[in-house]
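Participant: Got a structure for you, questions after.
The values are calculated or read from the model by the stated rules, or taken from the named source; none is laboratory data. Computed from a prediction, not measured in an experiment: that's the story for all the values here. Here the Cβ positions follow ideal geometry from the backbone for every residue, glycine too, while neighbour counts run over all protein chains shown.
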Amino acid sequence: MRTKFQPTPAPLDTATHARRSRVTARPLMGEDPALRAAYRLCRRTTRLHDPGIYALIQLMPAVLRPPCWALWTAASILDDLADQQDVEQAERVARIQAWTQALRRDLAAGTSTDPVRHALVDTALRWHLDLSSLQGAVARTVDDVRDRRFVDWPEWRAWCEALVPWVDQVRHLFEQAGAPMTLRLDRQQDYKRFIDGAQLTDLLTDLSADLAQGLLLLPQEALDAFPGAEDDLRQGRWSPAAAALIGELTALARRWVTRPVMTRGMHPGAATVLNTAACLMRAQLDAVDAAGPALLKRAQRPSVVARTRVLAPARLRSALAWSLTPLTVPTPRPPAADTSDPGPAADGTGFRPPPSHPDAIRAPQLAADQMPSHVAVIMDGNGRWAEQRGLPRHEGHRAGIAAVYEMVYGALEIGLRHLTVYMFSTENWKRDTEEITTILEATQRELDEGPLRDMNVRQRWSGRPDRLPEDLVHSLRREEHRTRTRTGLTLTTCINYGGRDEITRTAAALAQAAREGEVDPHLLGEDDFARHLPHPDMPDVDLLWRTGNEQRTSNFLPWHAAYAELYFTPGYWPDNDRSDLWQAITEYSRRQRRHGAVPTPLPSPENHHSPPHIQPDPRHRAR
């Protein structure tokens, strides 16, 4: 399996390449000869194995090229290790884990005897990079994908997302250098589509190599639209159906990578890099379109003339842009004991478990069919809790943060898969300015310093970026990206969220998809709508719990909670802890869910065994 990187004949032998490397690089960091040699190796590896990526890196300012070479080479090595089809999967996994474990030790030591890791460690420490995205991608690439199939485009995108570990690192490098590749908040969707287009372009380019390995890494919904095309491609036949499918996909990829609005307002140097990448991909798609049956025999590449037509003016524009831009090269920071997310496959020991309940209360044991998959919570009563104690309302929100952590700990202990909390609604902007500021500042602080960083919690955000502080939006998206490959609890935090707004935005996305020919408006169903929600993989809510003695859903997850069991409790949110979550789940386990069907007869009293009851915490009995 290979995305974003051209196939190589064998995994990279870094020691051999180091001995052979005679290429000089201009602005290598540090005077250590071994470090300079390590960066030269990374430069040569990038140039040999992906000239397109190398050409794009050359459009960047000179100080950013060495770290980009190091990032690409490290990702390529891991990809090669995962791609060794003549090696058993268990051995591939072991080799990848050995490499990443060595990287963790090297990061702690601040150096490495392996030249690629030596350059990568210097890059990570000097530029303050969080390498969790690189290690998180490892957990996804070790899977055997010979029979990998994707039902639809959202599933395909979820798979691709974890296989591009270096894109956001490059954006971070630009930011650290003082020339941020800033994306407007209203252009985030364009950026995601651009990445989708890059992935699809790469898959079409390497179609012959993938087919030779028995892989056809395209969503089933795209294949089904052209009956017979899948069998023809797998058999190496260039049929009218196969040609129509490839033509449709190249047109789709071309639309996805053509996003000129994405770079408006961006630094001209960074914009040149992205716009040139789009031009090179369109040239690549032209080559795919023109290949015909040859596409099934070998990878097609743009001609030298086509590449030169794109790169020559881009080099002039980028040189001018960077010559007028003062850049910053940070000094290395001291190595830390742990500078990256451990990840489920990084050290073999897993994540830190949640702390025990202060009163040693333990989670109930419920059968799998009695457990909800998704619990959503409206955390009501923070302000009233504070007023009851003679405190300003905003102090209640500080206390409410501790209750959120308690719920996360309880969800981890009982094995809940999805927990969604309503932290700040689109209607909450009507509140006092100090209260709003406290909520947003507390959220920012917890994202930066919270206790969930080393737990198996995948963090996600749902809501609008409008009106939120830009730093907060950046932190929310950073944590979402950093934890995206974790496999435990998915914690979705709804900030500046409104249910009707979510439905309106989804309808707009669906209309845009229809306009671009991705869906037929005459054949739309609920599944089509669900696929265009901000988080299409979010399951329906099984249990919606509201505290604070209010009994309404307040515009919270109207699509997902259509069949949710409702559970209302009188206590204010800060008074709750994980035992209250367990009590809510236990109550859910007693209910009979029918979804419009005829109710199942209840068992006779003598054979009926009630689910375990959670003894309420004595602190909460007098609410």
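Participant: Does P451 count as of a type outside the set (S, T, N, Q), in contact (Cβ under 8 Å) with a residue 60 or more places away in the chain and either buried (at least 19 other Cβ atoms within 10 Å of the Cβ) or out of contact with any helix residue (DSSP H, G or I) (no Cβ under 6 Å at 6 or more places or on another chain) (or both)?
Facilitator: no
Participant: Then there's this: Just to be sure I understand, how many residues within the stretch 258-274 are under 19 Å from A55 (Cβ atoms) and surrounded by fewer than 18 Cβ atoms within 10 Å (Cβ to Cβ)? Walk me through how you get there before you give the answer.
Facilitator: Going through the stretch 258-274, the residues under 19 Å from A55 (Cβ atoms) turn out to be 263, 268-274.
Still in the list and also surrounded by fewer than 18 Cβ atoms within 10 Å (Cβ to Cβ): 268.
Within the stretch 258-274, residues that are under 19 Å from A55 (Cβ atoms) and surrounded by fewer than 18 Cβ atoms within 10 Å (Cβ to Cβ) number 1.
Participant: Also, I was wondering about something else. Take the stretch 525-561 and flag every residue that is among the basic types (K, R) and in the same structural domain as L416 (by TED's automatic domain parsing).
Facilitator: R546, R552
Participant: Take T506 and tell me if it is buried (at least 18 other Cβ atoms within 10 Å of the Cβ), modelled with pLDDT of 90 or more and assigned to a helix (DSSP H, G or I).
Facilitator: On the way: buried (at least 18 other Cβ atoms within 10 Å of the Cβ): yes; modelled with pLDDT of 90 or more: yes; assigned to a helix (DSSP H, G or I): yes.
Spelling it out, T506 is indeed buried (at least 18 other Cβ atoms within 10 Å of the Cβ), modelled with pLDDT of 90 or more and assigned to a helix (DSSP H, G or I).
Participant: Select from the stretch 96-117 the residues that are assigned to a helix (DSSP H, G or I), surrounded by fewer than 17 Cβ atoms within 10 Å (Cβ to Cβ) and without any contact (Cβ under 8 Å) to a residue 60 or more places away in the chain and list them in ascending order.
Facilitator: Step one: of the stretch 96-117, the residues assigned to a helix (DSSP H, G or I) are 96-109, 115-117.
So of that shortlist, the ones also surrounded by fewer than 17 Cβ atoms within 10 Å (Cβ to Cβ) come out as 98, 101-102, 105, 108-109.
Listed by number, the residues that qualify are A98, A102, R105.
Participant: Which one of A299, A209 is assigned to a loop (DSSP other than H, G, I, E, B), in the same structural domain as C160 (by TED's automatic domain parsing) and either modelled with pLDDT under 95 or out of contact with any helix residue (DSSP H, G or I) (no Cβ under 7 Å at 6 or more places or on another chain) (or both)?
Facilitator: On the way: A209 fails: assigned to a loop (DSSP other than H, G, I, E, B).
On inspection, the qualifying residue turns out to be A299.
Participant: Restricting to the stretch 404-448, what's the tally of residues that are at pLDDT 90 or above, acidic (D, E) and surrounded by fewer than 17 Cβ atoms within 10 Å (Cβ to Cβ)?
Facilitator: Summing the residues that are at pLDDT 90 or above, acidic (D, E) and surrounded by fewer than 17 Cβ atoms within 10 Å (Cβ to Cβ) in the stretch 404-448 gives 1.
Participant: Do we have any residue at all in the stretch 472-485 that's farther than 28 Å from L252 by Cα, in a strand (DSSP E or B) and of a type outside the set (F, W, Y)? Walk me through how you get there before you give the answer.
Facilitator: So in the stretch 472-485, the residues farther than 28 Å from L252 by Cα come out as 472-476, 478-479, 482-483.
So of that shortlist, the ones also in a strand (DSSP E or B) come out as none.
Looking through the stretch 472-485, none of the residues is farther than 28 Å from L252 by Cα, in a strand (DSSP E or B) and of a type outside the set (F, W, Y).
Participant: Identify the single condition in (1) within 20 Å of the chain's Cα centre (by Cα); (2) surrounded by fewer than 19 Cβ atoms within 10 Å (Cβ to Cβ); (3) modelled with pLDDT under 70; (4) more than 18 Å from S475 (Cα to Cα) that V151 does not satisfy, given that it satisfies every other one.
Facilitator: Tallying (1) within 20 Å of the chain's Cα centre (by Cα); (2) surrounded by fewer than 19 Cβ atoms within 10 Å (Cβ to Cβ); (3) modelled with pLDDT under 70; (4) more than 18 Å from S475 (Cα to Cα), V151 fails exactly one: (3).
Participant: Name the single residue that is surrounded by the most Cβ atoms within 10 Å (Cβ to Cβ) among those in the stretch 278-327 being farther than 24 Å from D190 by Cα and β-branched (V, I, T).
Facilitator: Among those residues, the one meeting the criterion is T325.
Participant: Looking at D520, D471, D528, can you tell me which residue is surrounded by fewer than 20 Cβ atoms within 10 Å (Cβ to Cβ) and in contact (Cβ under 8 Å) with a residue 24 or more places away in the chain?
Facilitator: Values: D520 fails: in contact (Cβ under 8 Å) with a residue 24 or more places away in the chain; D528 fails: in contact (Cβ under 8 Å) with a residue 24 or more places away in the chain.
The match here is D471.
Participant: Among the residues of the stretch 475-512, write down those that are in contact with a strand residue (DSSP E or B) (Cβ under 6 Å, 6 or more places away or on another chain) and hydrophobic (A, V, I, L, M, F, W, C).
Facilitator: Correct list: L476, L489, L491, C494, I495.
Participant: If I filter the stretch 61-80 for residues that are at pLDDT below 70, of a type in the set (G, A, S) and surrounded by fewer than 23 Cβ atoms within 10 Å (Cβ to Cβ), do I get at least one hit? Please lay out each step first, then the result.
Facilitator: Taking the stretch 61-80 and keeping what is at pLDDT below 70, we get none.
Taking every residue of the stretch 61-80 in turn, none turns out to be at pLDDT below 70, of a type in the set (G, A, S) and surrounded by fewer than 23 Cβ atoms within 10 Å (Cβ to Cβ).
Participant: So, in the stretch 238-257, how many residues would count as being surrounded by fewer than 16 Cβ atoms within 10 Å (Cβ to Cβ) and either within 25 Å of R515 (Cβ to Cβ) or within 28 Å of the chain's Cα centre (by Cα) (or both)?
Facilitator: Quick first cut of the stretch 238-257, residues surrounded by fewer than 16 Cβ atoms within 10 Å (Cβ to Cβ) only: 240, 244, 247-248, 251, 255.
Within this subset, residues satisfying the condition of being either within 25 Å of R515 (Cβ to Cβ) or within 28 Å of the chain's Cα centre (by Cα) (or both) are 244, 247-248, 251, 255.
Summing the residues that are surrounded by fewer than 16 Cβ atoms within 10 Å (Cβ to Cβ) and either within 25 Å of R515 (Cβ to Cβ) or within 28 Å of the chain's Cα centre (by Cα) (or both) in the stretch 238-257 gives 5.
Participant: Further, regarding this structure: Does V375 fit the bill of being modelled with pLDDT of 90 or more, within 30 Å of R593 (Cβ to Cβ) and buried (at least 17 other Cβ atoms within 10 Å of the Cβ)? Let's see the steps before the verdict.
Facilitator: Details: modelled with pLDDT of 90 or more: yes; within 30 Å of R593 (Cβ to Cβ): yes; buried (at least 17 other Cβ atoms within 10 Å of the Cβ): yes.
So V375 fits the description; yes.
Participant: What tally of residues in the stretch 236-266 results from selecting those that are modelled with pLDDT under 95, β-branched (V, I, T) and assigned to a helix (DSSP H, G or I)?
Facilitator: 3
Participant: Those residues that are among the charged types (D, E, K, R) and modelled with pLDDT under 95, I need them from the stretch 541-564; list them, please. Walk me through how you get there before you give the answer.
Facilitator: So the first thing to find is which residues in the stretch 541-564 are among the charged types (D, E, K, R), and the list is 542, 546, 550, 552.
The answer is E550, R552.
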